[in-house]
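Shown next, in structure tokens, is the structure this report addresses.
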Amino acid sequence: MDRFSPATLHRVPAAIRRPDYDRTMVATGIVHLGLGAFHRGHQAVYTDALLKDDPRWGILGVSLRSPDTRDALQPQGGLYSVSASDGATLQRRVIGALTGLVVAPEDPAGLLRRLAEPSVRVVSTTVTEKGYSHDPATGVLRTDDPDIRHDSLDLTHPCSTLGVIVGGLRLRRQQGLPPFAVLACDNLPANGHTLRGLVVAFAELLDRDLAKWIADEVRFPSTMVDRIVPATTDADRDEVRAAFGLEDAWPIVTEPFSQWVIEDNFGGDRPDWDGSGAQFVRDVAPFELMKLRLLNGAHSTLAYLGYLMGCQTVAEAMAEPALAQFVADMMREDVTPTLPALGGFDVAAYRAALMARFRNPALKHRTSQIAMDGSQKLPQRVLGTIRDRLALGLPIARLALAVAGWMRYVSGTDEQGQPIELHDPLAARLRALANDVGPVAGRLAPALLSVTSIFGSDLPADRRFTIPVETALDRLLRHGARTTIEQIVRDGALI
Ligand code: CS2
């Protein structure tokens, strides 16, 4: 069967939206680092919608590690499809916003030259939490990270996100060009502010003048990004092939919902993403906190506890009545009171919408996918809420069970005794800690709590935190997830 490509685009069924602009006229105004499904299903869609009015903002897509996306999309001229469904409705479109595809390790110096092209005004990132090379608990740059070490010695061939950004900025400065704005689009609190601190700290390892120039001249708007975009499966490919009559090697399957709140701080020209549904605001922080703690906090909880109950997808986890109730209670009772007021925003409606989104039967969002990289995710998704509640003297039983779910998960075997494949930058360390002490809550909980890059030094020293976590882990280990969740839903605590 023929492939998606500029030459076959006319064969896409007429009802399906496709680029309404002349792709040959599109310039590269954005370089995007981290060309995963999320970027292609989110920011690239907003950008595609504005290219007709303003063709300056095409996207050069950069993969920082694997050639897979480039290999899939290059033969398609960068075209790919996005299918959005909630089970009842289905909307498809073809995205043409990618002007090129680059695999950073193949030609790091060439990538820096692309970053120094005058047309480039924005460099955006979806590199996941671990791509920031920071300590998740404190946000401090990890100077012992091998990629950071490498890049601080040789910035002409960078391999870290920070190295690529600073290398590009250095070249622009040398060439007398204005800097680009750096747009963080990962699920981190104050993502722009965080990235700015890390970029400046990394630049300081190399050149103080450069670091000062970056601190003075470069803008790092924060953003809140939201759309559930699971990893593409072969079944998705089959389904898209049948619908289009063309082969799309890497289609995106997602939900209809999409939200992008952007701090309006670019210091110059920027794409008018508000024309395609994004929102520019002065302060993103309250939106970000709400999204990270409600959506992502619930997601991680569903992932760990759902996985332990044998659920492969989020929709399956939501079909477990006790678990769905548990997550609803957690969002309403535990998380919501820690959120700042968002003038006029209906948080109850937002929570209800989240429950419906998690139930979306059209998405096969694997619990194991969300469970990945927990060491990088827990701090902003769950532990921040716990800290705020402890400061207010409020109970944390449900949140403690979410943490215990993670502990049970990283201990390496599921409730049927089957091994759990752990994907986490700290996997080896977590596995070793768990193996050393064995599956006994009184030893396993303190062992894992000793990882300060996750828990800091405050939480492990606070018995209002350690006791509920150890209790919850003990229940999980002795009675299993189902019984434990049913009890906490019934009693509101594990007594
Ligand atoms: C998920 C997110 O994989 C995960 O950890 O929680 O990718 C989530 O789907 C998005 O943040 C939704 O906006």
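The values are calculated or read from the model by the stated rules, or taken from the named source; none is laboratory data. It should be emphasised that the depicted structure is a prediction, and the values quoted were computed from it without experimental measurement. Here Cβ is always computed from backbone atoms with ideal geometry, including for glycine, and neighbour counts include all displayed protein chains.
What the table shows:
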quantity	calculated
Count of segment 246-271 residues which are at pLDDT 95 or above and away from the ligand (no atom under 16 Å from the Cβ)	12
Given (1) closer than 28 Å to Asp71 by Cβ; (2) surrounded by fewer than 23 Cβ atoms within 10 Å (Cβ to Cβ), index of the condition Ile252 fails	(2)
Helices (runs of 4 or more DSSP H) contained entirely in segment 369-435, each with at least 3 residues that are within 16 Å of the ligand (Cβ to nearest atom) and modelled with pLDDT of 95 or more	374-378, 397-410
Qualifying residue in segment 300-309 (condition: within 14 Å of the ligand (Cβ to nearest atom), hydroxyl-bearing (Ser, Thr, Tyr) and outside any helix (DSSP H, G or I))	no
Selection from segment 273-324 of residues that are closer than 18 Å to Arg359 by Cα and charged (D, E, K, R)	Lys291, Glu316, Glu320
Selected residue (only one of Asp48, Asp2, Asp54 is outside the structural domain of Ser83 (by TED's automatic domain parsing), touching a strand residue (DSSP E or B) at 6+ places or on another chain (Cβ under 9 Å), on the phi < 0 side of the Ramachandran plot and of a type in the set (Asp, Glu))	Asp2
The listed residue being touching a helix residue (DSSP H, G or I) at 6+ places or on another chain (Cβ under 7 Å) and within 23 Å of Leu422 (Cβ to Cβ), out of Leu295, Leu305	Leu305
Subset tally (residues that are closer than 15 Å to Asp248 by Cβ and assigned to a loop (DSSP other than H, G, I, E, B)) for segment 75-122	4
Any chance Gly277 is within 16 Å of the ligand (Cβ to nearest atom), among the small types (Gly, Ala, Ser) and crowded, with 23+ Cβ neighbours inside 10 Å	no
Every residue from segment 58-76 that is buried (at least 20 other Cβ atoms within 10 Å of the Cβ) and over 23 Å from the mean Cα position of the chain (by Cα)	Gln76
Conditions (1) within 19 Å of the chain's Cα centre (by Cα); (2) under 16 Å from Ala481 (Cα atoms): number failed by Gln325	(1)
Complete set of residues in segment 115-139 that are out of contact with any Gly (no Cβ under 8 Å at 6 or more places or on another chain) and either of a type in the set (S, T, N, Q) or surrounded by 13 or more Cβ atoms within 10 Å (Cβ to Cβ) (or both)	Glu117, Ser124, Glu129, Lys130, Tyr132, Ser133, His134, Asp135, Pro136
Residue in segment 315-334 that is within 24 Å of Thr194 (Cβ to Cβ) and either hydroxyl-bearing (Ser, Thr, Tyr) or buried (at least 24 other Cβ atoms within 10 Å of the Cβ) (or both) present	no
Matching option when the condition is in the same structural domain as Arg408 (by TED's automatic domain parsing), more than 15 Å from Ile396 (Cβ to Cβ) and within 13 Å of the ligand (Cβ to nearest atom), among Met318, Met290	Met290
Positions within segment 332-355 being away from the ligand (no atom under 14 Å from the Cβ), part of a helix (DSSP H, G or I) and not polar (S, T, N, Q), in sequence order	Arg332, Glu333, Asp334, Val335, Pro337, Val347, Ala348, Ala349, Arg351, Ala352, Met355
Gly277 at positive phi, at pLDDT below 95 and not polar (S, T, N, Q)	no
Only one of Val26, Val31 that is of a type outside the set (S, T, N, Q), within 18 Å of Gly110 (Cα to Cα), touching a Gly at 6+ places or on another chain (Cβ under 9 Å) and in the same structural domain as Leu169 (by TED's automatic domain parsing)	Val31
